[in-house]
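Here the structure comes first, spelled out in structure tokens, and everything after it is commentary.
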Amino acid sequence: MSIEVLTGVLLACILAAFALGAPVGLALGGIAMAVGYATWGEGLFNVIPTTLEDTHFSFILLAIPLYIYMGQLLTRSGIGDAMFNASQMIIGRVRGSLAISVIFVCSMIGAMVGIIGAGIMTSGSIALRPMLERGYNKRLALGVIMAGGGLGILIPPSIPMIMFASATQNSVGRMFIAALVPAAIIIVLLVAYVVISCKLDHNKAPLDKVPDVAPTTKEKWFTARDGLLSLILIFVVLGSIIMGIATPTESGAIGVVGAILLAMFFKRLKPRMVKNAGMQAALLVSVAMWIIFGASVFSNFHLLMGVQNMVASFTQDLGLSPIMVIIMFQLIMLLLGFIIDEFIIVLMCAPIFTPIAVSLGYDPIWFGILMILNILIAVQTPPYGFALFYLKGIAPPGISMLDIYKSVAPFVLIKLSVLAICMMFPELVLWLPNKVMG
Amino acid sequence: ADHNWRFANLYGRGTAYGEVYEGLAKNIEAMSDGRIKVQVLYSGEGVGTTGILGAVKTGLISMGAPFQSMHAGELPAGLVEIGLPGGTSDAAELTTLFQEKGWAPILKKAYGEQGLVWLDPYIQPAVYVITKKQINSIEDFNGLKIRAPGAYGKFLRNLGASPVSLAWSEIYTSLSTGVIDGSIGSNMIDHRDGNHVEVAKYMYPLPLAGAQVLPIVVNRNAWNKLSPDLQAIVSAATTVHAREQMTKSKLWESQAVAEMQAKGLQWSPAPSDADKAAWKQAGAGLWDEYSAADKYSKELIDVLRSEAN
Amino acid sequence: MIVTAIRGYCLGTHALVSFIGNSISYLMPVLAFVVAFEVFARYFLNSPTIWAYDLSLFIFGYIAALGGAFAQQQRAHINVDILYNTVSPRIRNIFNMLSFSLAIFFVAVICKMSIGKFEEAIEFNYRRQSEWAPQMHHYWVMMAVASVLLALQLTSDWLEECYHLFTGKNLLPASLRNHLEETPND
Ligand code: NA
Ligand code: NA
């Protein structure tokens, strides 16, 4: 079977499994093993042990349990709510204000973590319920979390950027700085979208009800104090990275310890709370890791069969104008996001595409940022996207995948437009690193 | 083709080393007149860096270029083979050690026990440590937190440093924020690719290992399916490959150093004789430990011992 | 009679998987503590441990793998439920029976390979490649156990779906699930 036919078969199997509503990770693994058995034989089963070791012994992925646990502790102890209560006290009269606070908090979480899963599941743990409880439109709430929590790979430190820089021999520092302006543009556009769409449709974000009895100064003081303390926790975690105390992965553990200390201070540390937080976190970790494992088995099989050669040969002799080549690369990566995870896209495409882009006269850092933006979009475009799955994992039971698909649409459009803007105006990406690093 | 092989290595597609392995694959195809077809798998393409040895063992891939430090838990003798800290960097001396002093048969047995065929090894350049602060004398290593796995970590601990375990993709950030004070790279090219010089400027002039010897391994069943002439062709191709690794590595190493120097890399001052002695001492201390851990390691180190006397 | 036996099997599986699911939740604080301790030892005591790195990865792997059966029991594994939500309950039974069969095949392969790796690990004394060099065999035992548990739970769920398909009745009380519903500020 040629690799093109095999890719088609695999794709058809994925769509069939999706239609059946099969568990994504187990289905991907099952499809790979079944198709692999038919085309390769029993020897293919040996892909399981190496993939298991790769997935479970990846220190980078350790951010997922640590940050999810921190998120669960924060939300169950009420510390997360305290943060949003305080922000509401200040800007509560602005329609959509809570969603705006969520965008900022998610961006800060994004600044801590370097991978997508940790950012989205932590943001979702903390911020989803407060929005839904206040009557926010669920699509807006889900979309905001996906859009903000996914920024982890665009706001430094970012693991995919480090991988890109290493695969293409470019400066990591330059990548990190180059990402700042596009990240800021995305945040501004997200906030603008929330403000405008809530203005146009008041049902999306109800204003906070004015309480029957106005809060006393003492109550206000407590709200402010609790909010400030929880904000400090975020700064402590960020600070532990910046001051060189912990790596971005380890900082999640600092966050857990901080959350426990804060809960003690708030007198909310009960054995039941710790137990339930641990249970929910373990469940989410397992769900995320079975998806990552199943998807890795699937993509490892596909790679062993040579899909990367198909992509490489496809990019040769395109006979297109330079900018069309760049656009073509973006399309290919968006399509690959359909079946392959963020790290593999970078590992596979960075060395194939970047030299071509450079030979056409484009700046590699600029191209790298386009690639990161692209991945950010690819992981949240239906039907297959890790960000979508993570969000579904964290969402309450009533929310279906269709809700999630619909919720991401406007935010994907925003990110696509930022991708297009950065493509048209390379200065937006290159100005800051050139200014800072010469 | 009569034989369809998959050949995995640790390097990225398009990297200089990746092309040398690509060259080996092409050579096998050409020399066998297309009877063996070799598909090269680069870093992350189906098998993870720590999975290469296991994947060749099971036959998931037919041939691999593993990096033995990653497999210290599966095949401890590989650590001695790659070169314990403080070992020689002299290529001729290493070749004698393998071909005449008896390392090759020991390793053939050690790998053979796990279903692997051990083919001619090749030599890759030295392992150096890069630090954020200048190292003026060996005492300056005291208390430094240095990312160094396995044997290199033990070696640096003997010098008073604190070895740290970190994921490769967190080295850059950790050097930049100060979680660690230094890091080893598997060679100068690794330091360059990891952009370490952006966040740490000083390279210590003494290498932790003067040279690294790495094997090409083949799955035994895949090997046994080859006719004797094809086996000879694959062996011959690996010999050509070993030579190419040697000449090109030297060139690339100097290029990597030049590129890093252009970005501000400096060498720490030349070590004193006392420093050199302490450095050698730190390495020699490891022999007993590794000897005791594994029978094949012991056999290899016994050869070293009889040489030293 | 047969139904009673099947129900017994399913209830037994539920109890076992719940127990394991509950137990691994205690590993979460342990994991955070191990990583936090490494940070503390490295930064404040200036003596990084040789064990925290591998230990944290082992705990991570245990949580990730062993939680799979519990996630299946809670029907927490992610699925794309677009068509699934629109079909009748009996069609949904068929859908689930198909996808659970595929999943059982996958975990059966995992189990087989893990047992093979366990035997190899014993024969060649496999360890982690770190300086601490802990044994690997227990990880492969755990993987075999995790996949057996997942297979048990999947079979139990398959039987449940099958029973509902043919009788239109629930095999097990609904209260078995959903004991994890959101309890804000608990
Ligand atoms: Na980040
Ligand atoms: Na996608």
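The values are calculated or read from the model by the stated rules, or taken from the named source; none is laboratory data. What you are looking at is a predicted structure, and each value in this text was computed from that prediction instead of being measured. We place every Cβ from the backbone using ideal geometry, glycine too, and count neighbours over all the protein chains shown. Accessible surface is based on the protein model in full, side chains and every heavy atom, while ligands, DNA and RNA are left aside. Shrake-Rupley method; radii C 1.70, N 1.55, O 1.52, S 1.80 Å.
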- What does the charge dipole of the protein assembly as shown about its Cα centre add up to, to the nearest 20 debye, if the Cβ of each Lys and Arg holds +1 and the Cβ of each Asp and Glu holds -1? 2560
- Query: With each label point set 7 Å from Cα along the Cα-Cβ vector, what nm distance links C:Val3 and A:Leu360?
  - Reply: 6.6
- Expected max-MSF residue from A:Ile116, A:Ile79, A:Ile48 in the GNM of chain A (alpha carbon, under 10 Å) is A:Ile48
- Item | Estimated FRET transfer efficiency when R0 is 41 angstrom, pair A:Leu11-B:Ala30 (beta carbons, to 0.05) | 0.70
- At 1.4 Å probe size, with every protein chain present, just tell me what the per residue accessible area of chain B comes to in Å². 36
- Any idea of the total accessible area buried by the C-A contact, 1.4 Å probe, rounded to 100 Å²? 6200
- Message: Inside 10 Å of the C-beta atoms of A:54-64, what's the mean count of C-beta atoms belonging to other chains?
- Response: 6
- Counted charge near B:Asp294, where neighbours are those whose Cβ lies closer than 13 Å (Asp, Glu -1; Lys, Arg +1): -3
- If packing is taken as the mean number of other Cβ atoms within 10 Å per residue, what is the order of C:18-29, B:258-269, B:209-220, highest first? B:209-220, C:18-29, B:258-269
- Taking a cut-off of 28 Å between Cα atoms, list the lysines near B:Lys201, but don't count ones fewer than 8 places away on the same chain. A:Lys435, B:Lys132, B:Lys133, B:Lys145, B:Lys154, B:Lys248, B:Lys250, B:Lys263, B:Lys276, B:Lys280
- GNM result for chain A, Cα springs below 10 Å: residue of A:Gln380, A:Gln88, A:Gln169 fluctuating most strongly: A:Gln169
- Item | Delta accessible area of at least 40 Å² on complex formation, residues of region A:163-206, 1.4 Å probe, chain isolated as reference | A:Ser166, A:Gln169, A:Val172
- Message: Placing +1 on the Cβ of each Lys and Arg and -1 on the Cβ of each Asp and Glu in region A:59-437, which of A:Ser166, A:Thr315, A:Val325 has its Cα farthest towards the positive end of the resulting dipole?
- Response: A:Ser166
- Proximal lysine pairs in region A:270-428, meaning Cα under 30 Å and 8 or more positions apart or interchain, come to 5
- Message: Placing +1 on the Cβ of each Lys and Arg and -1 on the Cβ of each Asp and Glu in the protein assembly as shown, which of C:Ser101, A:Leu190, C:Val145 has its Cα farthest towards the positive end of the resulting dipole?
- Response: A:Leu190
- Task: Return the tail of the calculated pair distribution for chain B, meaning the percent of Cα-Cα pairs more than 37 Å apart.
- Result: 15
- Message: Under a crude label model (7 Å from the Cα following the beta-carbon direction), how far is A:Asn203 from A:Phe338 in nanometres?
- Response: 3.4
- Two-decimal Rg/Rh of region A:105-150 from alpha-carbon positions, Kirkwood Rh? 0.98
- Task: Determine the calculated [θ] at 222 nm for chain C from helices alone, applying -39500 (n - 2.57) to every DSSP H run no shorter than 4 residues and normalising by the residue count; nearest 500 deg cm²/dmol.
- Result: -24500 deg cm²/dmol
- Query: When the Karplus curve 6.51 cos²θ - 1.76 cosθ + 1.60 is applied with θ = phi - 60°, which whole-Hz ³J(HN,Hα) does each residue of region A:270-278 get, with x for Gly and Pro?
  - Reply: 10, x, 4, 5, 4, 5, 5, 4, x
- Consider a paramagnetic label point 7 Å from the Cα of B:Lys108 along Cα→Cβ; state which residues of region B:229-245 have an amide N under 17 Å from it. B:229-239
- Task: Output ³J(HN,Hα) for region A:97-105: one whole-Hz value per residue in order, computed from phi by the Karplus curve 6.51 cos²θ - 1.76 cosθ + 1.60 with θ = phi - 60°, and x for Gly and Pro.
- Result: 4, 5, 4, 5, 4, 4, 4, 5, 5
- Message: Step by step: find N for the protein assembly as shown, compute 2.2 N^0.38 Å, then divide the Cα radius of gyration by it. What's the final number?
- Response: 0.94
- Query: Looking at B:Thr49, A:Ile241, C:Phe19, which one has the Cα that reaches farthest to the positive end of the dipole of the protein assembly as shown (charges on Cβ: Lys, Arg +1; Asp, Glu -1)?
  - Reply: C:Phe19
- Query: What's the carbon and sulfur percent of chain B's accessible surface, probe 1.4 angstrom, rounded to a whole number?
  - Reply: 52
- Task: Could you look at chain A and say what percent of its accessible area is carbon and sulfur, using a 1.4 Å probe and all protein chains?
- Result: 70
- Would you please calculate the Kirkwood hydrodynamic radius of region A:292-438 over all C-alpha pairs and express it in Å, rounded to one decimal? 16.6
- Message: Taking the solvent-accessible surface of protein heavy atoms with a 1.4 Å probe, what is the per residue accessible area of region A:286-438 in Å²?
- Response: 32
- Charges only on Cβ, +1 for Lys and Arg, -1 for Asp and Glu: so what's the dipole of region C:2-185 about the Cα centre, in debye to the nearest 20? 340
- Message: Taking just the alpha carbons, could you work out the radius of gyration and Dmax for region C:2-185, both in angstroms?
- Response: 20.2, 66
- Message: Check which residues have an amide H placed less than 5 Å from C:Ile78's amide H, if you skip close sequence neighbours.
- Response: A:Val24, A:Gly25
- Integer Hz, Karplus 6.51/-1.76/1.60 couplings in order for region A:6-16, x for Gly and Pro: 4, 4, x, 4, 4, 4, 4, 5, 4, 4, 5
- Taking GluC sites (Glu not before Pro) as candidate sites, keep only those in a DSSP loop with at most 12 other Cβ atoms within 10 Å, then name the longest stretch of chain C containing none of them. C:1-180
- Give the long-range amide H neighbours of B:Ser162: residues separated by 5 or more places, or on another chain, with amide H under 5 Å away, using H modelled in the peptide plane at 1.01 Å from N. B:Gly143, B:Leu144, B:Lys145, B:Ile146
- Placing one equal point scatterer on each C-alpha of region A:239-332 and summing with Debye, one gets log10 I(q)/I(0) at q = 0.11, 0.15, 0.19 Å⁻¹ equal to -0.68, -0.85, -0.99
- Query: Averaged across the residues of B:48-56, what count of C-beta atoms belonging to other chains lies within 10 Å of each residue's C-beta?
  - Reply: 5
- Message: Could you identify which residue out of A:Ile159, A:Ile399, A:Ile186 has the top mean-square fluctuation in a GNM of chain A using Cα springs shorter than 10 Å?
- Response: A:Ile399
- Query: Label B:Asp229 and A:Ile90 with points 7 Å out from Cα along Cα→Cβ: what is the distance between them in nm?
  - Reply: 8.1
- What fraction of the DSSP beta bridges in the protein assembly as shown is antiparallel, stated in percent and rounded to the nearest 5? 55
- What's the average, rounded to a whole number, of partner chain beta-carbon atoms within 10 Å of each residue's beta-carbon in A:298-310? 4
- Message: Using only protein heavy atoms and a 1.4 Å probe, how much accessible area in total is buried between B and A, to the nearest 100 Å²?
- Response: 2900
- Can you list residues whose amide H is under 5 Å from B:Gln212's amide H, if they're 5+ apart or on another chain and H is modeled 1.01 Å from N? B:Gln124
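What does the net charge come to around B:Leu116 if you take all other residues with beta carbon closer than 12 Å to its beta carbon, with K and R at +1 and D and E at -1?
Around B:Leu116, the surrounding residues sum to +2.
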- Item | For q = 0.14, 0.26 Å⁻¹, Debye-computed log10 I/I(0) when each Cα of region A:1-65 counts as one equal scatterer | -0.53, -1.09
- Task: Show me B:284-293, B:63-72 ranked by packing, highest mean number of other Cβ atoms within 10 Å first.
- Result: B:63-72, B:284-293
- Message: Give me the three principal axis extents of region A:59-437 from the C-alpha atoms, as integers in angstrom, largest value leading.
- Response: 72, 43, 42
